[in-house]
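The values are calculated or read from the model by the stated rules, or taken from the named source; none is laboratory data. Everything quoted here is computed from the prediction, not taken from an experiment. Cβ placement follows ideal geometry from the backbone for every residue including glycine, while neighbour counts extend to all protein chains displayed.
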Amino acid sequence: MTLRPILGAVAALFSAASFAADCTLDATSDAVHYGEQPRVYVGQSTTAIAGIVVDQQFVPKFALSADVKYRVEANECENAYFQLEKAAQPAPQVSGIYPLGDALPENILRFYIQFDRPMREGNFLDYIRLHDLSLDEDLTGVFFDNQYELWSKDRKQLTLLVDPGRVKTGLQAHNAQGRAFIAGRQYRLTVLESWRGLDGQPLQARYSKVFTATPEVMHGIDARTWQLNAPATDSTQPLVIQTDRAVDHMSIQSYLFVIDDQGKELPGVWRLLAPTQIEFKPQMPWQEQPHSLQINARFEDVVGNNLNGAFDHEKGSLHQASEGFWINRPVALAKRQDR
Amino acid sequence: MFKKTLCAAAIIASTNAAAQVEMINVLEFGPNNTLFAADSYTGVVHAFNITPATSASPAPAFNLENIDQLLADAMGTSRDNVRINDLQIHPDSLEAYLAVSRVDGDNYSSAIAVINQAGEVGFVDTDADHPELKIEQAPAADFEFYRDRYQGRRLSFTDMDFYKGKLYIAGLSNADFASTLWTAGYPFDNSVAASTVEIYHDVHNQRETRAPVRAMAITELNGQDVMLAAYTCTPLVAIPLDDIKDGAHINGKTIAELGYGNTPIDIDIIFNPDFQGGGEPALFVSNKNQMAQVIPLKNIAEAVKGEGITSFDGNFFRRSILGGVEYPMSGLVQTTPLGDSHIATVRRDTENGDLELASFTKGLYMRLSDYQSEYEIPNYSYGEGQEMMQGFHNMLKTDEGYPEYIIQ
């Protein structure tokens, strides 16, 4: 039998049975709500399933299975039996390749391949093809053959590093082989359909991204040139930031913050709309008070330059000796438009 | 113009999530409550810091029936969905650590269960921060033996030994299916030495480079640190640790043929008592397809000095077990030494299919409660000349949890 490891939760909804008001049973593969201090057992077993109770819900150490009938006991509630419904899992597919855009600097440092389901690790280069459309030839040796594959924790995003030795000038690989990409040429990066998800299913289809290499970008980011729109107060209009070059989408999640005049971070969702366009959608309406955009100097563009200088920098050419300083840009708010 | 600083390491560190466990199938205790756990599907060796129970001098013997049901209950599944991949005993608490998989349809999850002599079960927190080591050329290529009976990736790692500050890992590398030994210092510094191994397998009448070591043990023989390695169809091979260097291709010396058509489960260096206050160091070999074997270490040391088995004598069934003795331990799934006096096993009851966590007393290597012999029929009384037997029986009855059957 070909087996696949379980990662995270397998969504499987249980149609809830009703008991006393506080004894309503609601169970998924990774949480069981039932009264207070629920304990879950297999059938009539007296050995409780391993897990913890968090906020009155039982979180099993191992995802519950649709093949097993469980018993739940809770304070003040009578014992109840339940079984999860089976959920069919579609084959995984590539949901996108970052950086966005069809023009990428020739000193591009990394790509991110995103999948909609967790993928199987191991021998990632077997499933990736790079084709030079201008010369009509396959390219090899472009990506860093990293034995430690750079997967996100949920195994849905793989970071594909362009061999840094070829990106950086002055290194042996760069001198011997030159840059992997050459400005003006067109390339196609393909993810093959033979790549398997953790559940063993191959991808639904192959996925390609075609892009043209543009001249190298060899200087640090100047966030003072970024254009910020003015969202209306009392609205949840997004803050849209126009940057000076294509930026790294992972940096957006880690190194950008909007703070109020107390220095408190506003909750919201950051998204890359276009290669040079970032959106912040606040959870709560903008309040009429000074806000600012806080940018950590580690924020990177697609070639690894950050606010402190170029990725490919001369020793001593960085703005500051220590990484990670902050830059603040005021966020102007427009007056609320009365309707 | 050579004043560049390479920042790639920082990029890697920032995107590098801890490896999730997929198929832990080899366990080994290291120093200071470190539990090494090798994951054959991800090619990662984890070093978990564990917290053993602190009960004073626990009674060592394990007499737990039906541990597949116990594990199934604790993992929220049914008994037939439990797999046990390895067993180790904590050297101080004498708790059993089991690498387990929970199968669920076509899915499985991997975990390390901890079971004590009272049958209480818990799990190692594999999500807690811990050091880990990625092994290059692993996991093994994704192939299958006999359609889908066995996954090739399961053989990425087959055994580990921690010896004199170093972790030795045996397995099958994904580079041309090479039998490989990896060596790493601990604490991990991310450097791993890899050597490939070649042996002469006389009942196959060929040199072999691909079949991996199945079980290994390291000890000092003739003043030299030597790895003993057992293979499927059971050649026993000696490899001086000095030969294990990064990039080396090692020729192991075949010193014994422990039995054709057998897969060894574990080999361990033990002290084999003689029940007269003495005993001697020996190699304990547990097997999947034949009896367990106890081979005096002095005989192995003598064989290591010789030139080994280098040619085929025409007998496919050749056995040479170096003066070892065979013992009736069968149905074994996993074995490991337990304290000074026992061997712990996970074994399958061949009548009802249950998995048991059962220990055997060293020196005797049998469980009296497995039998229905003359001695067990009601109203038996030990006659003259049976005193020694009576002593052994009463000792085993206590050890196996049947003190009410003791006959004074």
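Here are some notes:
- Scanning segment B:51-88 for residues that are away from chain A (no Cβ under 14 Å) and crowded, with 21+ Cβ neighbours inside 10 Å gives B:A61, B:F62, B:D86, B:L87, B:Q88.
- Scanning segment A:84-110 for residues that are outside any loop (DSSP other than H, G, I, E, B) and either within 12 Å of chain B (Cβ to nearest Cβ) or more than 22 Å from A:T276 (Cβ to Cβ) (or both) turns up A:V94, A:R110.
- Residue satisfying all of: in segment A:55-82; under 18 Å from B:R102 (Cβ atoms) and charged (D, E, K, R); farthest from the other protein chains (Cβ to nearest Cβ) among these: A:K69
- Flag for A:L307 being over 28 Å from A:A183 (Cα atoms) and buried (at least 18 other Cβ atoms within 10 Å of the Cβ): no
- Test: residue in segment A:194-201 that is within 14 Å of chain B (Cβ to nearest Cβ) and on the phi > 0 side of the Ramachandran plot: yes
- Scanning segment B:201-220 for residues that are more than 23 Å from the chain's Cα centre (by Cα) and assigned to a strand (DSSP E or B) turns up B:Q206, B:R207.
- Of all residues in segment A:162-188 being surrounded by 19 or more Cβ atoms within 10 Å (Cβ to Cβ) and in a strand (DSSP E or B), the one that is nearest to the other protein chains (Cβ to nearest Cβ): A:V162
- Yes/no for A:W326 being over 20 Å from the mean Cα position of the chain (by Cα), more than 26 Å from A:G96 (Cβ to Cβ), surrounded by fewer than 17 Cβ atoms within 10 Å (Cβ to Cβ) and more than 14 Å from every other protein chain (Cβ to nearest Cβ): yes
- So A:G122, is it within 14 Å of chain B (Cβ to nearest Cβ), surrounded by 17 or more Cβ atoms within 10 Å (Cβ to Cβ), closer than 23 Å to B:V44 by Cα and of a type in the set (G, A, S): yes
- Flag for B:A38 being touching an Asp or Glu at 6+ places or on another chain (Cβ under 7 Å), more than 14 Å from chain A (Cβ to nearest Cβ) and at pLDDT 90 or above: no
- The residues of segment A:22-51 that are away from chain B (no Cβ under 11 Å) and assigned to a strand (DSSP E or B), listed by number, are A:D26, A:A27, A:T28, A:A31, A:H33, A:E36, A:Q37, A:P38, A:R39.
- Taken together, the residues in segment B:21-35 that are away from chain A (no Cβ under 14 Å) and in a loop (DSSP other than H, G, I, E, B) amount to 4.
- Only strands (runs of 3 or more DSSP E) whose full extent lies in segment B:103-167 are considered here, and the ones with at least 2 residues that are crowded, with 22+ Cβ neighbours inside 10 Å and either in contact with a Ser or Thr (Cβ under 9 Å, 6 or more places away or on another chain) or more than 10 Å from chain A (Cβ to nearest Cβ) (or both) are B:107-115, B:159-163.
- Against the criterion of being surrounded by fewer than 17 Cβ atoms within 10 Å (Cβ to Cβ), under 26 Å from B:Q290 (Cβ atoms) and of a type outside the set (A, V, I, L, M), B:D349 qualifies.
- Against the criterion of being more than 27 Å from A:P118 (Cβ to Cβ) and not in a helix (DSSP H, G or I), A:A205 does not qualify.
- Taking residues in segment B:372-400 that are in a loop (DSSP other than H, G, I, E, B), and partners anywhere that are surrounded by 10 or more Cβ atoms within 10 Å (Cβ to Cβ), the pairs with Cβ atoms closer than 6 Å and at least 6 places apart or on different chains are B:Y382/B:Q390; B:E400/B:N63; B:E400/B:R367; B:E400/B:S369.
- Among residues of segment A:263-281, those that are touching a residue at least 24 places away in the same chain (Cβ under 8 Å) and either among the polar types (S, T, N, Q) or under 21 Å from A:V247 (Cα atoms) (or both), counted: 10
- Qualifying residue in segment B:314-324 (condition: in contact (Cβ under 8 Å) with a residue 40 or more places away in the chain, over 17 Å from B:M216 (Cα atoms) and not in a loop (DSSP other than H, G, I, E, B)): yes
- Qualifying residues in segment A:191-232 (those that are of a type in the set (D, E, K, R) and over 22 Å from the mean Cα position of the chain (by Cα)) - the one surrounded by the most Cβ atoms within 10 Å (Cβ to Cβ): A:E216
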